[in-house]
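S.K.: Below you will find the structure I want to go over with you.
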Amino acid sequence: MGGGRTVTPRRQVIGGGRVVTPEEVLDPGWVVVRDGVIETVTAAPPQAGPEPVTDLAGGWLVPGYVDLHCHGGGGASYTDRDTEQLATAVAAHRRHGTTTTLASLVSGPVPELLAQISRLADLVDDGLLAGIHLEGPFLSADRCGAHDARALRPPDRATVARLLAAGRGGVRMVTLAPELEGATDAIRQLTDAGVIAAIGHTDADEAQIRSAVDAGATVATHLFNQMRPLHHREPGPIGVLLDDERVAVELICDLVLVHPTMVRIAAGYAGPDRTVLVTDAMAAAAHGDGSYLLGSLPVTVHRGRATVDESGALAASTLTMDAAVRNFVRDCRMTVPAAVAAASERPARLLGQPGGIGAIRPGAVSDLVVLDEDLRPQRVMRHGAWI
C-alpha cells in the first residue's frame, strides 16, 4: 500500500442489519453519515449513489461506547509520563469500540496528581480524551482496595481547587468518600465547578450518603466494589445509591468484580436511565497477563484476574467495553438496547452531551461500532472515519 494520507468520504452509507437507536431497533436499518455527522436514520435503504456502502450483513450497528472509568489499556496506564503511552491506552480501547473515554487516576500524593492531571489535560485539549476522572485521594482507608492508603487524605477546598486548576477544565469527575471531614463541602465545590461528584470507596452510613446526594453527588462509583455491604437493617451506600433516582450507578460487568446476578439485580432496579457500564480497566486490558503497576502498587494479572501483590486484594479490571456489553447481554440476561443505553447513551448524558454522542440519531457525531451476531466489534468509526 502507498504512504498517502487516508481520505474520509464526505458521505457514507451503513446498513443492512440491526440498527440500535434510542427509540427502537431497526431491522433492517440504514444510517447515512455526512462530514462526520449522522445525517439520516431510516428503515428503508437510501437511494443509491457514488458514496461507499458498508453492509452490516445481518449484524448490529450501535453508537460508540462511552467509558467514564478507565485507568489504562494496551499495556499502558494513564499515570504514565510518556505521551505516546497515554495515546496507546486510548487506541487500545478504541479498537474495542470505546470512542469516548475519561482517563481515571488512582490516589497519589497531590504533587504527583497535579503533574499527571496536567499531562492528561493536554490530551483533553487535543481531543484524544473527553476528560479526567480522579478516583481519589479522598477515599476511605477502610475501603481503599487497590489504592495506596498512604496517599489518602480528607478533601479541603484549597486542594480541590488546585486539582481542578491543573486540569484546565479537563477534570470531569471526582470520586470521594462522603464520611470524610470536608466531603460535603467538596461535593458542593465540585458541582459548582460543573464537575461530576461521585461516591465510592466508602464506609459511610445511610445518613452520610443521603447528605452527599442532597449536596449534589450524582454517580455511584463501581457500585458494590469497596463499599460497606448491603444489610437488611442498614442499607448503607449500596442501598441508598441504588434506591435514589438522582444517582447513576456504575457497574463493572467483568463477571469477576461483580457477580452477574448482582449486575442483573442492580441494572433491573436502576433501569436504563440510571445504569452505566464502566470498565475500570488497568493497563492489562487488551494486553494480557503479567506484572503491572496500578499507581504505585505492583499488581499481578493471571487469567485476566488482577490482584495487588502485597494484599491479594482484587485490583482494577482487565475489561474492554465490548466484553462488558457481551457479558451484560449473555451472562446477565439483559437486552442489547439496555446494554447500549448503559455503555453509550447514559454515560454521554452524564458528560453533558445528550444527542451529541452515545446515540444513533440525526445530528449526532458519527461514532459507530459494527458488531457481528455475537456482539464482537468488526469495525469502529470515530467522527466519520473508520479506525
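The values are calculated or read from the model by the stated rules, or taken from the named source; none is laboratory data. What you see is a predicted model, and the numbers here were worked out from it, not measured in a lab. No Cβ is skipped: glycine too gets one built from the backbone with ideal geometry, and neighbour counts run over all protein chains shown.
S.K.: Quick one: would you say residue 207 is more than 26 Å from residue 161 (Cα to Cα), more than 17 Å from the chain's Cα centre (by Cα) and in the same structural domain as residue 304 (by TED's automatic domain parsing)?
M.R.: Considered against the rule, which asks whether it is more than 26 Å from residue 161 (Cα to Cα), more than 17 Å from the chain's Cα centre (by Cα) and in the same structural domain as residue 304 (by TED's automatic domain parsing), residue 207 comes out as yes.
S.K.: Another question, then. Working carefully through the options 203, 289, 214, find the one that is at pLDDT 95 or above and either out of contact with any Lys or Arg (no Cβ under 6 Å at 6 or more places or on another chain) or hydroxyl-bearing (Ser, Thr, Tyr) (or both).
M.R.: Just one listed residue meets the conditions, 214.
S.K.: A further question on this structure: Among 275, 320, which is the only one that is in the same structural domain as residue 108 (by TED's automatic domain parsing), under 21 Å from residue 380 (Cα atoms) and of a type in the set (S, T, N, Q)?
M.R.: 320
Yes/no matrix, rows are residues, columns are (1) surrounded by fewer than 19 Cβ atoms within 10 Å (Cβ to Cβ); (2) assigned by TED's automatic domain parsing to the domain that holds residue 211; (3) touching a helix residue (DSSP H, G or I) at 6+ places or on another chain (Cβ under 9 Å); (4) closer than 27 Å to residue 242 by Cα:
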{"residue": "138", "(1), (2), (3), (4)": "no, yes, yes, yes"}
{"residue": "151", "(1), (2), (3), (4)": "no, yes, yes, no"}
{"residue": "161", "(1), (2), (3), (4)": "yes, yes, yes, no"}
{"residue": "166", "(1), (2), (3), (4)": "no, yes, yes, no"}
{"residue": "170", "(1), (2), (3), (4)": "no, yes, yes, no"}
{"residue": "179", "(1), (2), (3), (4)": "no, yes, yes, yes"}
{"residue": "186", "(1), (2), (3), (4)": "no, yes, yes, yes"}
{"residue": "192", "(1), (2), (3), (4)": "yes, yes, no, yes"}
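S.K.: Does any residue in the stretch 341-358 that is closer than 14 Å to residue 272 by Cβ come within less than 8 Å, Cβ to Cβ, of a residue that is in a loop (DSSP other than H, G, I, E, B) and of a type in the set (S, T, N, Q) six or more places away or on a different chain, and which pairs are these?
M.R.: 350/218
S.K.: How many residues does the stretch 22-40 hold that are more than 13 Å from residue 365 (Cα to Cα), in contact (Cβ under 8 Å) with a residue 60 or more places away in the chain and in contact with a strand residue (DSSP E or B) (Cβ under 6 Å, 6 or more places away or on another chain)?
M.R.: 1
S.K.: Now a separate question. Which condition number does residue 40 fail, the rest of (1) modelled with pLDDT of 95 or more; (2) surrounded by fewer than 23 Cβ atoms within 10 Å (Cβ to Cβ); (3) assigned to a loop (DSSP other than H, G, I, E, B) being met?
M.R.: Condition not satisfied by residue 40: (3).
S.K.: Then there is this: Can you name the number of the only condition in (1) surrounded by 20 or more Cβ atoms within 10 Å (Cβ to Cβ); (2) outside the structural domain of residue 377 (by TED's automatic domain parsing); (3) touching a strand residue (DSSP E or B) at 6+ places or on another chain (Cβ under 6 Å); (4) not charged (D, E, K, R) that residue 15 fails?
M.R.: Failed condition: (2).
S.K.: Let me ask something else. Among the residues of the stretch 43-62, write down those that are surrounded by fewer than 13 Cβ atoms within 10 Å (Cβ to Cβ) and either not aliphatic (A, V, I, L, M) or not assigned by TED's automatic domain parsing to the domain that holds residue 380 (or both).
M.R.: Within the stretch 43-62, 47, 49, 50, 52, 55, 58 qualify.
S.K.: Same structure, new question: Being part of a helix (DSSP H, G or I) and either surrounded by 21 or more Cβ atoms within 10 Å (Cβ to Cβ) or in contact with a helix residue (DSSP H, G or I) (Cβ under 9 Å, 6 or more places away or on another chain) (or both) is the filter here; which residues of the stretch 331-349 pass it?
M.R.: 336, 338, 339, 340, 341, 342, 343, 344, 345, 346, 347, 348
S.K.: Could you pull out the residue among 299, 256 that is in a strand (DSSP E or B) and in contact with a strand residue (DSSP E or B) (Cβ under 7 Å, 6 or more places away or on another chain)? Give the derivation first.
M.R.: On the way: 256 fails: in a strand (DSSP E or B).
Criteria check complete, one pass: 299.
S.K.: Pull up the stretch 63-110, narrow it to residues that are assigned to a loop (DSSP other than H, G, I, E, B) and without any contact (Cβ under 8 Å) to a residue 12 or more places away in the chain, then point me to the one that is surrounded by the most Cβ atoms within 10 Å (Cβ to Cβ).
M.R.: 80
S.K.: Would you mention how many residues in the stretch 235-258 are buried (at least 19 other Cβ atoms within 10 Å of the Cβ) and touching a Ser or Thr at 6+ places or on another chain (Cβ under 8 Å)?
M.R.: 9
S.K.: Is it the case, given these coordinates, that residue 82 is charged (D, E, K, R) and closer than 18 Å to residue 371 by Cα?
M.R.: no
S.K.: Which one of the conditions (1) in a helix (DSSP H, G or I); (2) in contact with a Leu (Cβ under 9 Å, 6 or more places away or on another chain); (3) charged (D, E, K, R) does residue 310 fail to meet, given that it meets all the rest?
M.R.: (1)
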